[in-house]
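Visitor: Have a look at the structure that comes next, please.
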Amino acid sequence: MRGHACGCRTMALNRVSQLCHEITRLWLQLKMITDDILKKEDGPLLAAQIGSELQKQFAILPGGRGIDGHPVIFLPEFPAFGELPEEELQNVLRYLTSVPSVAASGEGFILIIDRRLDRWAAVRATLLRIAGSFPGNLHLVLVLRPTALFQRTLSDFLFKFNRDEFKMKVVMLSTVTELHTYIDPGQLTTELGGTQQYCHDSWISHRTAIEAFALMVKTVAQTLQAFGTELAETELPNDTEATVDLLHKHTLQKDTMKEDLKVALSQGGRLLACINEPLQSDPDYSMTQDEMENLATVQRLMGQLNETETAFDDFWDRHSTKLEQCLQLRHFEKHFREVRPQLDVMFERLSGFSEVSISPAHAEHVLRELSSHEEKACELMDLALSLASEGDRLIENSHYAEDSIRPKCGELRGVCEEIGSTLRSKKGLLLRARELHHALEKAFQWCEDGILLLANQPVDRCQSQDGAEAALQELERYLDTAALHTISDRGAICCQYEAVLNPQLRDHMDKVFQKQSSVQEMFEKRRVSLKKLAAKQTRPVQPVAPRPEVKSPLSSPNPERKERRYSADSALCKKGESLVHNGSTRHASLSEEEENLAVLRRHVMNELLETERAYVEELLCVLEGYAAEMDNPAMAHLIPSTLQSKKDILFGNMPEIYQFHKRTFLKDLEAYTDCPELVGRCFLERMKDLQIYEAYCQNKPRSESLWRQCSDCAFFQECQKKLEHKLGLDSYLLKPVQRITKYQLLLKELLKYSKGCDGANDLQEALSSILGILKAVNDSMHLIAITGYEGNLSDLGRLLMQGSFSVWTEHKKGHAKVKDLARFKPMQRHLFLHEKALLFCKKREENGEGYEKAPSYSFKHSLSMSAVGITENAKGDNKKFEIWSNSREEVFIVQAPTAEIKTAWVNEIRKVLTQQLKACRDATQQKSSDSPNPTSNNSSVSLSPFRSSAQKNQRKQDEKKVEPNPTSEANSCPSPKHKGSALSPELSSKRHSVKSDPTPFGFKGWNKPSLSADASEENDGFSSGEDPMTSDIEDEVVKKLAPGKYSVVADCEKAGPQELSVKSGDMVQLIREGEDGQWFVKNLHSGKEGWVAAANLLSLISESKSSQSLSSSDGSVSGNLSTSSSCSETYTSFSDIKP
């Protein structure tokens, strides 16, 4: 392993070495280019250094050439030439001789001296001075001698005697014409009779610019060379922070270098344009030789700069790549050092995790712990695998440390695989152990229930043949469930769960198998005995006429109904025959009708799309024509102070609405152009988004108020004029409110023409949802107007309903009710029904117009829904109902405007209270299910879905032994300890004495013989102390259920193939009662029929069109959740029931 690691490090070092060699090669290439620039541009003098001497113009370099290409230097008339300092003369001549190229300078210079206005003495002094100080190769000196007669004669005479003194070739010329025999006039300036245009200031400016550019190029080359040397000598850091700092530092330096190169190239470009300017203005212009050399010099420098930039970019790319890969490697190594120890810790923790469990609860506990560890392990493995994937990406990108990264990636994946395998193994063993525990517990419970069944079979009933047969059938039915609850093959179980069988679990399994054998043996003995009893010969019984009994209309139809049914069947048969004969006609009619409906659907869809597009355009027009103009500085002087900085108030969330419709909703609607019947899905998918209209409508009163204050201002008038709108802004601000209302009308039309189509249900649901949004908007408009409520309205839950009512109050003082007689006239109150409270407010109308006239509501009183009861029918008026709390100590008589409104409110309040009661029941069931079931012989626990008749008889005998005590029973509330336990004799006696309905809703038509008429009138609703979750209601079911139609208030799934499943809201019909407390029931919604246990019916159904009152409260007694129900019913006999 150590040798492998050393090999990896060696290969990584080799890669780094290769990268460094490549970078070094690029740096050497860059250095060669910059050295060439530095050598070539190292001149003796610069024009900027001798600018004042050049300005004197005693010697110039006009750029002309002699016949053989000799550069021409011209010394014009300069009377003070003899007074020039020697240094000035030397500097100027040395600079002028350095300007031409080396090749041209080697040919030798032609010196033209113009002394036509001077004396011979000055000419002689000039020639002697030049002969002694000219720095270059002097080919020929041409002197324009003085033109005055005496000086000319003198110069001709003396020149012959002094010629050898000058030590250079000198030609004396009398006229300019003679000069042209030596130099072409095109190479001479105009003052020498030539055609060359020369400006000394421009020449100095060009030379200064060229030399400045050359100096800049030299400086840039030096800087690049130094920076390249620094980069090439940089060593890779060993930590992340140092690498980041170094990369940042070098990047800044690189950016500076690039900026310098950019400036130099820009200056060179401008200089080239300046040199080429004469050519641009005059295409016939001919450059002098010096101008051409200047142009070549600048172009050469530009080319060198471009080469330098390219070399530097290549060098930087490799260097930055090296630093970035170094940084990536440091990050990868840092994360690896962090993750790797955590993986080791997690693997050790999971390896030491026990997969042995001794009970179902312990198995669940261990599984929960393992699940928590699994979540942490998955997070850690995701992190490790992500790091490994990052390493793979580095390798794919040719990272120089590939040989170091690859082993670490493999190591991470290997550890993750080990952790995952350990997790799966541990979890699989625990799940199998839990499965075995549950199977054993199920078998043990079956044995316990079987023992209880045998114990509860009464001996006296089994003495008769019918009783023995019934008991035998009961045994057979229970034995039929053995295959579902018991375990049979011990060897197969041991083989299947061998991995989880510890000694404790094996002992428990042996005990269960022994108990199964014992119970099955007991059942077999009892079955043999019952078969003997059932086989005894019974004496004949003389038949007697049965006593008349009332049967349900459905079970025994009268002759009239039979006749009507026969007539209907006959008519149906005839109609079917007619349809068979006229099948083709009917098919054609249906096709035509379907086509007409499709046309109508398309018409409505087109209207929806066209109005949607127009709506989007109108919103955009408002936002651009009004909202955007409020930010326009040119319109600021037209905006009044009351409108400034209030754009959000005036327009609300209209921009959000526009964006939603423009980007999302309109495109979604257009997708359903060819299938308008399916457009309901579009509305359902975007229903949450459409709730943005609620915020807009809530802001509308503020917007309307602001508009009314500023509607006449010049700003709005100017905007309306620009848009050429006939209507004002207020009409367009109303568009969103109109649009959300328009949707429900269009959906209604589509639904009307889409009956029976695939999307009809979606259209109906979409219409209901849109109406729900409109209702929520309307309710929220009222809700925000409540004043005086000190709490937070959002804590009260969702607002369900709101409306105005007439309200009277009653207060109970002592044992009598005292009515508030001070108020002969009812109070006018606006009620807000929330999920958790009912608010009473006083409505106050505001003065003003439009939204300013919207009412406000002063808070007066509130009732918590957890302590509220209702009485559906108050005395004397079908529009009144009662709301009361605290055992009717405080009663509110509420009168609705109509009976329909009263019914809607009562149903909604009943729904809230039912949900609270259901929540209490669920909590109680959960609490009870967590408590262990008793297994003693005197317990009456039964896991069978139906209770035996022996149990009923035993309970009735127990009830007869107890004296009822109405006084104590009315205030007592026993709390049963175990779910499914039979009621104690005391509780049974209390229940039969009070006759309270233990279900959440009372059933119309149930007699209350223990209550007098006065008591009934005095107590329209009362509370039962009995816990509805644990009351034994089977006797009540036997006495009270009757054939008829009922509505289902709770879901119930079928437990067997013969049973019926129903859902909340279904209408069912009880047809007949069967054996063992079962009813044969028909689900009128689905048309299916089946059996339902009578013990479950009261918690599932309530009779349609019945009146009842409901109250729910929850509390905790001895660790168990208890609920109470309050019911107010109309007491009638069974004959009053009309199913």
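Each reported figure results from applying straightforward, stated rules to the coordinates on display, with no laboratory input. Just so you know, these numbers come straight off a predicted model, no measurement behind them. All Cβ positions, glycine included, derive from the backbone under ideal geometry; neighbour counts span all protein chains shown.
Visitor: Any chance you could list P(r) for region 698-810, counting all Cα-Cα pairs in 10 angstrom bins from zero, rounded to whole %?
Guide: For region 698-810, the binned pair fractions read 10, 25, 26, 24, 13, 2, 0 percent.
Visitor: Right, another one. What share of Cα pairs, in percent, lie more than 12 angstrom apart in region 188-227?
Guide: Numbers: 537 of 780 pairs.
I get 69 percent for the Cα pairs in region 188-227 exceeding 12 Å.
Visitor: Would you mind checking the pairs LYS755/LYS911; LYS742/LYS775; LYS218/LYS262 and listing those with alpha carbons more than 20 angstrom apart? Show your work: numbers first, answer last.
Guide: Values: LYS755/LYS911 31 Å; LYS742/LYS775 14 Å; LYS218/LYS262 14 Å.
Where the Cα-Cα span goes over 20 Å, the pairs concerned are LYS755/LYS911.
Visitor: Expressed as a whole number of Å, what is the distance separating the alpha-carbon centroids of region 395-444 and region 678-695?
Guide: Their Cα centres are 45 Å away from one another.
Visitor: How far is the Cα center of region 498-527 from the Cα center of region 101-121, in Å?
Guide: Each part's Cα centre sits 133 Å from the other's.
Visitor: Amide H to amide H under 5 Å from ILE1101: which residues, 5+ apart in sequence or cross-chain, H placed 1.01 Å off N in plane?
Guide: Under 5 Å from the amide H of ILE1101 lie the amide H atoms of VAL1049, each far enough along the sequence or on another chain.
Visitor: What Kirkwood hydrodynamic radius do you get for region 267-356 when you take the inverse of the mean 1/r over all pairs of distinct Cα atoms, in Å? Walk me through the numbers on the way to the answer.
Guide: On the way: mean 1/r = 0.0516 Å⁻¹.
Evaluated over region 267-356, this radius sits at 19.4 Å.
Visitor: How much length is gained on full extension from VAL102 to GLU178, taking 0.36 nm per residue of separation minus their Cα-Cα distance? Working shown, then result.
Guide: Values: separation 76, 0.36 × 76 = 27.36 nm, distance 2.95 nm.
Using 0.36 nm per residue and subtracting the Cα-Cα distance, I get 24.4 nm.
Visitor: To continue, here is another question. Over the alpha-carbon set of region 628-701, work out the extent along each principal axis and list the three values in angstrom, largest first.
Guide: Between the extreme Cα coordinates on each principal axis of region 628-701 lie 52, 26, 12 Å.
Visitor: For ALA103, what is the net charge nearby, where nearby means another residue's Cβ is under 13 Å from its Cβ and Lys, Arg count +1, Asp, Glu -1? Present the calculation step by step, with values, prior to reporting the outcome.
Guide: Working: positive: ARG65; negative: ASP68, GLU107, GLU293.
Local charge sum for ALA103: -2.
Visitor: Calculate one ³J(HN,Hα) per residue across region 183-198 by plugging θ = phi - 60° into the Karplus curve 6.51 cos²θ - 1.76 cosθ + 1.60, and present them in order as whole Hz with x for glycine and proline.
Guide: 9, 4, x, x, 9, 10, 6, 5, 6, 9, x, x, 10, 6, 8, 9
Visitor: Still on this structure, I have one more. State the three equivalent ellipsoid semi-axes of region 621-773, derived from the C-alpha gyration tensor as the square roots of 5 times its eigenvalues, in descending order and whole Å.
Guide: Details: eigenvalues 270, 42, 32 Å².
Square roots of five times the eigenvalues give 37, 15, 13 Å.
Visitor: Right, something else. Determine the shape class of region 608-654: with a ≥ b ≥ c the square roots of the Cα gyration tensor eigenvalues, call it rounded for a/c under 1.5, and otherwise prolate if a/b is greater than b/c, oblate otherwise. Intermediate values should be presented prior to the final figure.
Guide: Details: a/c = 4.32, a/b = 2.28, b/c = 1.89.
Judged from the Cα gyration tensor, region 608-654 comes out prolate (a/c at least 1.5, a/b above b/c).
Visitor: Take peptides 66-79, 767-780 and line them up by average Cβ neighbours within 10 Å, highest first, as a rough protection proxy. Before the final figure, lay out each step's value.
Guide: Numbers: 66-79: 18.4, 767-780: 16.7.
Result, highest mean first: 66-79, 767-780.
Visitor: Size of region 60-164 along its principal axes in angstrom, Cα-based, largest extent first?
Guide: 42, 31, 25 Å, listed from the longest principal axis down.
Visitor: Along the Cα→Cβ direction, 7 angstrom out, place labels at LYS918 and ASP795. What is the inter-label distance in nm?
Guide: 2.7 nm
Visitor: Return the equivalent ellipsoid semi-axes of region 256-413 as a descending list in whole Å, where each equals the square root of 5 times an eigenvalue of the C-alpha gyration tensor. Don't skip to the end; give the middle numbers.
Guide: Details: eigenvalues 1021, 45, 18 Å².
Computed over region 256-413, the values are 71, 15, 10 Å.
Visitor: Hey, with R₀ at 60 Å, roughly what FRET efficiency would SER205 and GLU235 work out to, going by the Cβ-Cβ distance, to 0.05? The partial results should precede the final answer.
Guide: Values: r = 49 Å, r/R0 = 0.82.
Efficiency, rounded to the nearest 0.05: 0.75.
Visitor: Figure the gain on full extension for GLN926 and GLU418 (residue separation times 0.36 nm, minus the Cα-Cα span) and round it to one decimal in nm. Numbers along the way, then the final one.
Guide: On the way: separation 508, 0.36 × 508 = 182.88 nm, distance 3.94 nm.
Between GLN926 and GLU418, full extension yields 178.9 nm more.
Visitor: Further, regarding this structure: If each residue of separation counts as 0.36 nm, what is the full-extension length gain between LYS1088 and ASP689 once their alpha-carbon separation is subtracted? Write out the running numbers ahead of the final one.
Guide: Values: separation 399, 0.36 × 399 = 143.64 nm, distance 3.98 nm.
Working it through step by step, the gained length comes to 139.7 nm.
Visitor: Pop out the ³J(HN,Hα) list for region 78-90 in order, Karplus 6.51 cos²θ - 1.76 cosθ + 1.60 with θ = phi - 60°, rounded to Hz; leave Gly and Pro as x.
Guide: Going residue by residue, I get 8, x, 8, 4, x, 8, 5, x, 4, 5, 4, 4, 4 Hz, with x marking Gly and Pro.
Visitor: Can you compute 3J(HN,Hα) from phi for each residue in region 630-647, using the Karplus curve 6.51 cos²θ - 1.76 cosθ + 1.60 with θ = phi - 60°, rounded to whole Hz and x for Gly and Pro?
Guide: Working through the residues one at a time gives 5, 9, 7, x, 5, 9, 4, 6, 8, 8, x, 5, 5, 9, 5, 6, 10, 5 Hz.
Visitor: Need one number: nm distance between label points at PHE157 and ALA273, each 7 Å from Cα along Cα→Cβ, rounded to one decimal.
Guide: Label at PHE157, label at ALA273, 6.3 nm between them.
Visitor: Now for a separate question. At R0 = 41 Å, how high is the FRET efficiency between THR787 and GLU900 if r is their beta carbon distance? Nearest 0.05 is fine. Mind showing how you got there, number by number?
Guide: Details: r = 30 Å, r/R0 = 0.73.
It comes to 0.85.
Visitor: Counting only residues 5 or more places away or on other chains, whose amide H sits under 5 Å from the amide H of GLN1078 once H atoms are built in the peptide plane?
Guide: ALA1094
Visitor: What does the net charge come to around GLN55 if you take all other residues with beta carbon closer than 13 Å to its beta carbon, with K and R at +1 and D and E at -1? Provide the component values of the computation, followed by the final result.
Guide: On the way: positive: LYS56, ARG207; negative: GLU53, GLU88, ASP201.
Cβ neighbours under 13 Å give a net charge of -1.
Visitor: Another question about this same structure. Net charge within 13 Å of VAL500 by Cβ-Cβ distance, Lys/Arg positive one each and Asp/Glu negative one each, not counting VAL500 itself? Before the final figure, lay out each step's value.
Guide: Working: positive: LYS426, LYS427, ARG432, ARG434, ARG506; negative: GLU355, GLU435, GLU498.
After counting each charged neighbour, the total is +2.
Visitor: How would region 330-399 be classified by its alpha-carbon gyration tensor: rounded, prolate or oblate, with rounded meaning a/c under 1.5 and the a/b versus b/c comparison settling the rest?
Guide: Numbers: a/c = 4.49, a/b = 3.18, b/c = 1.41.
Judged from the Cα gyration tensor, region 330-399 comes out prolate (a/c at least 1.5, a/b above b/c).
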